[in-house]
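Worksheet for the structure shown next.
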Amino acid sequence: MNRMIQSSAFTLAFGYVALGIAALILFAAPLWYAWQVTIEDGRVELLQADTQRLAEVFRRDGAEGLRAFIDTRVGLQIAGERILLLTDSSLHRLAGNVPAWPRGLPVTPGTSTITMDLAGKATQAVLMRAALPGGYYLLVGRDVERFAPLERRFWYGLTGAVAALCMVGVLGGFLIRRTLLSRIHSIRRMVLAIMQGDLSHRLPSPQSGDELDTLSRTINGMLDQIEQLFHGIRDVSNAIAHDLRTPLAELRSRLEELALTRPPAHETFTEIDAAVVDVDRVIRIFNALLRLAEIDTGLRRSGFVPVNAAELAAQAVELYLPAAELKGIKLSCHDAGPIPVSGDPLLLAQAVSNLIDNALKYARDGGTVTVEVLRRAEGAVEIAVADDGPGISDAEKLKPPERFYRGDTSRGTPGVGLGMSLVAAVAKLHGGALVLVDNHPGLRAQMLLEPNAVRPWRQDNVSAPLGAVPVAVDGLESAGVGALAAAKSQPLSG
C-alpha cells in the first residue's frame, strides 16, 4: 500500500485532486459571499417594506387600527415567519407575536441581529426598530434561520463534490499507475536485456504520441548513438592494432636481426635509423589519437582568438607551393579579402594543411588544386580545397572522416587515415561541419565554420550543392603546430 501511495501516478492524481478542490473552493467562496450579501440585502429590504407598510397603517388608522392589523397578520402568517411587536412608550406590549421588548435592545430606530426566544426556542433574528408618533414603538423582524436548510444543502453539495473528486482521484491514480507500470515493466525488460550486452534491443515505441512514447524514442536514439560509438570504438581498436602491428613487427625484426647478425657499424646505424622511423610512425599515431581525444573534450576552445581565415589559407598555400611544383600541380588561393573567424589558429592551420596535402596527393599530375575562402549567404565561413583527381563516389563520401579509414584509391599512398578526421573535427569544434561534394572532376572538400563559434553548427543551415554529403564526426586531432611549417612537417592525411 505504501508503494502504491508513494508512486508517481498517485502523486500526480492527488495533485490533480488538490487542484480540483482548490478550484471548488475558489468557485464556492465568491458564490457564498454573494449569497450572504444578497440574502442580507434582501432581508433588510423586506423589513424596510414591512415597516413602511405598518407605519402607513398607523398614520391612517391610528394605534388601534395598527394593533388590529398586526393581530390579523400574526393570525394569518406561519409561526416564526415574521416577528411583529407594537408597544407603548413604556414598552408594554400592545400587539404582536413577541411577549415583550427584547432585553438590551435599544428603542432608537435602526437594525440589529440578536438571538431571542421565539416559540419556545432560541432563534437568531434580524430586527428593525421604528418610532411612531405618540410615543409608540414598532419592532419588525425575520428569522435568520429561515434559509438555513438551503445553506446546508449548499454545503452538503460542496462536500459531496469534494468526496466525489477524491474518489475519482484515487480511482484515476490506480488506473494511471496500472497503465504506467505496464509500460514501465516493458521498458525495464528491454533495458535489462541491453544491460546484459545486447545493444540491438530497442524500447517499444507505439505511435501514440504520449510522453512515454517520446521518452522511448529519445532513449532509442541514445541507444543508436551508443551502439554506433561502440562499433566505432571496436573498429578503431581493430584499426589501431592493424596499423601498429606492421611497424612494431618490422621494428622487432630489425632489432632481432641486429642482435643475431651483429653487422658492421654502418649497417647497424642504417637499421637503427629505419627502426627510429618505425617508432616515429607509432608515436605519430598515438599523438594523433591523444590530440583527437583532447579536442573531443572541447578543451581547445580556451585557445580561441580572432583569426583571419583568408590570410591563414594564403599562408598554407604559400607553404605548399614547392611541393605542388615538384608534382607539376598548379596550386592557387582565391579569397574575398579579410574574413575574420573566432578559433584556434593552430588547429585551423593543421586542418587547412591536411586538406591541401590530401588534394595534392590525389590530384592528377599537371593538374590544379584550388583553395577558396568565402563567406556564405547564411553567414558561415567556407574554406574549400578542390582538386581534379579521381574523386570518390557519393556512398564513399561518408567514410573519409572516419578514423583510420583508407579508401581504395589511397592504398598505395602514405598515411594512417586520420587526416580527414582532423578536418571534420576541427570544423565541428568551430561550430561547423565538413561537406564533401563533387568537383567534376575531382573532389571539393568544404570546411564550414561558424564565425563566432559559440553554438553547435546545425547541418540544416548548410546550403550545400546537389550531391553534397554532410559529414558529422566525433573527433579530430590538434597538431602541436607552432606554425604552418610545423603543420606541414607531420601531415596526417588519409
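When you look at Gly42, is it of a type in the set (Gly, Ala, Ser), farther than 20 Å from Asp88 by Cβ and loosely packed, with under 13 Cβ neighbours inside 10 Å, yes or no? Yes, satisfied. Note on the stretch 138-177: among residues that are basic (Lys, Arg) and farther than 30 Å from Pro102 by Cβ, the one that is surrounded by the fewest Cβ atoms within 10 Å (Cβ to Cβ) is Arg153.
Filtering the stretch 184-197 to residues that are modelled with pLDDT of 75 or more and open to solvent by less than 60 Å² (accessible area, probe 1.4 Å) leaves Ser186, Ile187, Met190, Val191, Ala193, Ile194.
The C-beta contact set for the stretch 274-286 (first residue open to solvent by 60 Å² or more (accessible area, probe 1.4 Å), second residue not in a helix (DSSP H, G or I), distance under 8 angstrom, 6+ apart or interchain) comprises Arg281/Val416; Arg284/Val416; Arg284/Gln490; Arg284/Leu492.
Quick grid of which residues meet (1) more than 43 Å from the chain's Cα centre (by Cα); (2) crowded, with 17+ Cβ neighbours inside 10 Å; (3) under 21 Å from Met420 (Cα atoms):
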| position | (1), (2), (3) |
| --- | --- |
| Ala309 | no, yes, yes |
| Val317 | yes, yes, yes |
| Tyr320 | yes, yes, yes |
| Leu326 | yes, no, no |
| Gly343 | no, yes, yes |
| Leu347 | no, yes, yes |
| Ala351 | no, yes, yes |
| Tyr362 | yes, yes, yes |
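Of all the criteria given as (1) within 30 Å of Leu47 (Cβ to Cβ); (2) in a helix (DSSP H, G or I); (3) basic (Lys, Arg), the one not satisfied by Arg142 is (2). Condition first: β-branched (Val, Ile, Thr), buried (at least 19 other Cβ atoms within 10 Å of the Cβ) and either part of a loop (DSSP other than H, G, I, E, B) or at positive phi (or both). Can you find one or more residues in the stretch 99-119 that meet it? There is no residue in the stretch 99-119 that is β-branched (Val, Ile, Thr), buried (at least 19 other Cβ atoms within 10 Å of the Cβ) and either part of a loop (DSSP other than H, G, I, E, B) or at positive phi (or both).
The values are calculated or read from the model by the stated rules, or taken from the named source; none is laboratory data. None of the values given here were measured: they were computed from a predicted structure. Don't worry about glycine lacking a Cβ; one is built from the backbone with ideal geometry, like all the others, and counts go over all protein chains shown. With ligands, DNA and RNA removed, areas are computed over all heavy atoms of the protein, side chains included. Shrake-Rupley method; radii C 1.70, N 1.55, O 1.52, S 1.80 Å.
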